[in-house]
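Below is one structure, written out as structure tokens; comments come after it.
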Amino acid sequence: MDLLNAIVALLNFVVIPATAYGAQLALGALGVTLIYGILRFSNFAHGDTMAFGTAMVILFTWLFQSMGIHLGPLPTALLALPFGIAATAALVLGTDRAVYRFYRKQKAAPVILVIVSMGVMFVMNGVTRFIIGVGEIRFDDGARFVINAGEFKKSTGLAEGLAFRSTQALTIVTAILVVAALFWFLNRTRTGKSMRAYSDNEDLALLSGISPEKVVAVTWTISAALAVIAGTLYGLDKSFKAFNYFQLLLPIFASAIVGGLGSPLGAIAGGFVVAFSEVSITYAWKKVATYVLPESLAPDGLMQLLSTDYKFAVSFAILIIVLLFKPTGLFKGKSV
Amino acid sequence: MKKFLTATAAAALLAGAAGAEDIKIGVILGFTGPLESITPHMGAGAELAMKEVSDSGKLLDGSTVTSVRGDSTCIDAAAAQAAAERLVTTDKVSAIMGADCSGVTGAILANVAVPNGIVMISPSATSPGLTTAEDNGLFFRTAPSDARQGEIIATVLKDRGIGSVAISYTNNDYGKGLADSIQAAVEAAGGTVTISAAHEDGKADYSAEVGALASAGGDALIVAGYVDQGGSGIIQGALDTGAFSTFMLPDGMYGTVLEEKFGASLDGSFGTVPGTDSPGGATFVDMATAAGFDGTSSYAPESYDAAALIMLAMQAAGSSSSADLAGKILDVANAPGEPIYPGELAKGLELLAAGTDIDYVGATAVELIGPGEASGSYREYEFQGGKITTVGYR
């Protein structure tokens, strides 16, 4: 029984939250890594693309709710997702046409494009706040829990509760589906293959007749779709606040770099490495240890390796260690 | 206005012979800087008391009181000291109502007020550090020290039979100071604090913080943060995972937005926020509205009380000099004596002139303790049926 309690406590406070958070980071990092692999620059505007896309999804959600359309136990935002993606893709493609294309034609150095993307980031920052405001918005509806902590305790008779929110389940399922679709697209379709060719060797790809503008447009669209999905899942799970998406940029980049910039598989692994390290290294193991160890060995202290103040230090320490020993990241991305 | 002018002129003439003077009181507040949205109301509050006293013509044989404003900037100690120095040496103020922020208040006290022997009454400096500052008996405040809230919270917890708590605080001076004072008070009362950990505001994810707090355990979780910031994220995480079901919310977490966000899931949680059920509070708000400013603005009533205390102490001492009035402030502020509410300053002055003891209650139920700081009245509230419900005052 005690062992069961320990497992439940661990699931409830470490495994489930970290898996959901990791899936959100992985989706964000996939978008960053795609842009880096194909357009060859770090897109700092990605966090705010997520914020803009989520804002669009929220607006459509409100529209559907006012029309009385809903998905039963699932959040209405899922229905609004395609519309949000369309609006965000339009914005991102418009930005590419107006801003990035100019620098691409000039064959500008990647560092210039990075700075340009920071400019875009500030503009999007403003646009998002202008449209939806700076406040906190909750837009999840439908069933809130798959497993409720209180009911779990009652039905199993365990001392520890287990909570599994429907948004966490949704996040994990969606992330798996999206990643599977993306890999199928990149490896099996003609457009996907031409994108990989363009990423591997731009000149050879151009010689073999691949249209660069088409590759760029498809890349932006996919990255916008990933950003909106990641942003919406994050917003459903926590809440929407424009500033938080800007903050999310840091762990997203850490995930992409740990996994290897330009490697989609790396982005996913990186997301989970960052999420699990943030949660588990700063977790206080006292509760779990009290259940597992015999009474005489029960700990007095918290058994916490590092205070939670240092959780960001943890992901960056991992980042530095990985880059020292494997400069291209865990999955052989491009060197930074 | 004309009538008023004639009246004051007449009063001045009548009293003139008996040695009436024009007393100046400095009002040093951060009219620019981070508090600039509330300081106009604080200044207006202090000046309302001065006008009331001047109009009554009862202070020291008909003396009038004039306010001289100075800008403390709230954050720049050098600028605040220069402003205070000017008020003391050039304008020759008798006493200072101010300053507002704890840092500049400490600087003015040490470098201007103490060397010149000028009394200071701050309406809003709450740092526990000022309790032990070297002040030669010249410094008072009508705002309670944050240490006081820690004690109040410890009492509330004890009364509710909660023995062990976990604390999560926002990572800044306010959060850290409050968390430390709560921890000290709870432990002094025989309770245990299982963990006291910081959270950063505006972060993406609080799973790690909630995990650590849950592992440490406790009967309740104290969230010493901000309602619009990470504090709500911590509550959400703790509720979702079933880590805590009872929360104790200090002043920064007070807000009706909690009702909208969490509703009935917070039932049984409770908190404290500065407030008083003294009838003086309502009177002051009415007076402020009549005078054209917002009496519900933070620390506006404390400012009125600070200015009123200075003038009542002058009357009690029979002199407008700081050296004489400093010793009288505790006498007029505390029992025993006739209670004096806002708008009754004239009555207080009369009683003092007749040699009767008074107990200034004012807008915030002033009661000075220790080295001369407000004991602090707090409102204890509880969530019942998803609504914030007042359960009592402390």
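The values are calculated or read from the model by the stated rules, or taken from the named source; none is laboratory data. Worth saying up front: this structure is predicted, and the values here are computed from it rather than measured. Counting neighbours? That spans all protein chains shown, and the Cβs are built from the backbone with ideal geometry, glycine included.
Assorted remarks:
- Failed condition for B:G230, given (1) among the small types (G, A, S); (2) out of contact with any Ser or Thr (no Cβ under 7 Å at 6 or more places or on another chain); (3) touching a residue at least 12 places away in the same chain (Cβ under 8 Å); (4) under 30 Å from A:I16 (Cβ atoms): (2)
- Yes/no for B:G211 being within 14 Å of chain A (Cβ to nearest Cβ) and in a loop (DSSP other than H, G, I, E, B): no
- Some residue of region B:167-187 being over 28 Å from B:D100 (Cα atoms), away from chain A (no Cβ under 14 Å) and crowded, with 17+ Cβ neighbours inside 10 Å: yes
- Scanning region B:214-226 for residues that are within 11 Å of chain A (Cβ to nearest Cβ), in contact with a strand residue (DSSP E or B) (Cβ under 6 Å, 6 or more places away or on another chain) and outside any loop (DSSP other than H, G, I, E, B) yields B:S215, B:A216.
- Filter result for B:G202 (assigned to a loop (DSSP other than H, G, I, E, B) and free of Cβ contacts under 8 Å to residues at least 40 places away in the same chain): yes
- Taken over region B:247-264, the criterion of being of a type outside the set (D, E) and at pLDDT below 85 is satisfied by B:G252, B:M253, B:Y254, B:G255, B:T256, B:V257, B:L258, B:K261, B:F262, B:G263, B:A264.
- 1 or more residues buried (at least 21 other Cβ atoms within 10 Å of the Cβ) and more than 14 Å from chain A (Cβ to nearest Cβ): qualifying helices (runs of 4 or more DSSP H) within region B:227-337: B:279-291, B:300-317, B:322-325, B:329-333
- Options B:A17, B:A78, B:A82: the member that is more than 22 Å from B:I329 (Cβ to Cβ) and modelled with pLDDT under 90: B:A17
- Selection over region A:1-24 of residues that are at the interface with chain B (Cβ under 9 Å from one of its Cβ atoms) and closer than 28 Å to A:A227 by Cα gives a count of 9.
- Members of region A:248-271 that are within 14 Å of chain B (Cβ to nearest Cβ) and more than 14 Å from A:A230 (Cβ to Cβ): A:L250, A:A254
- Of all residues making up region A:146-163, the number that are in contact with a Phe, Trp or Tyr (Cβ under 7 Å, 6 or more places away or on another chain) and within 11 Å of chain B (Cβ to nearest Cβ): 4
- Selected residue (only one of A:I85, A:I58 is touching a strand residue (DSSP E or B) at 6+ places or on another chain (Cβ under 7 Å), away from every other protein chain (no Cβ under 14 Å) and not basic (K, R)): A:I58
- All conditions but one from (1) crowded, with 21+ Cβ neighbours inside 10 Å; (2) within 18 Å of the chain's Cα centre (by Cα); (3) modelled with pLDDT under 95 apply to B:V27; the one that does not is (3).
- Residue within region A:102-124 that is out of contact with any strand residue (DSSP E or B) (no Cβ under 9 Å at 6 or more places or on another chain), within 18 Å of A:T232 (Cα to Cα) and either more than 14 Å from chain B (Cβ to nearest Cβ) or among the hydroxyl-bearing types (S, T, Y) (or both) present: yes
- Selection status of B:D91, part of a loop (DSSP other than H, G, I, E, B) and either surrounded by fewer than 22 Cβ atoms within 10 Å (Cβ to Cβ) or over 13 Å from the mean Cα position of the chain (by Cα) (or both): yes
- Of all the residues in region B:341-394, those that are in a helix (DSSP H, G or I), buried (at least 16 other Cβ atoms within 10 Å of the Cβ) and of a type in the set (G, A, S) number 2.
- Residue, nearest to A:A20 (Cα to Cα), within region A:279-288, restricted to residues that are in contact (Cβ under 8 Å) with a residue 60 or more places away in the chain and more than 7 Å from every other protein chain (Cβ to nearest Cβ): A:S280
- Qualifying residue in region A:174-196 (condition: hydroxyl-bearing (S, T, Y), away from chain B (no Cβ under 14 Å) and outside any helix (DSSP H, G or I)): yes
- Residues located in region A:117-151, provided they are within 13 Å of A:N43 (Cβ to Cβ) and in contact (Cβ under 8 Å) with a residue 60 or more places away in the chain: A:S117, A:M118, A:V120, A:M121, A:M124
- Residues of region B:123-140 that turn out to be out of contact with any Leu (no Cβ under 7 Å at 6 or more places or on another chain) and farther than 20 Å from B:S321 by Cβ, as a count: 11
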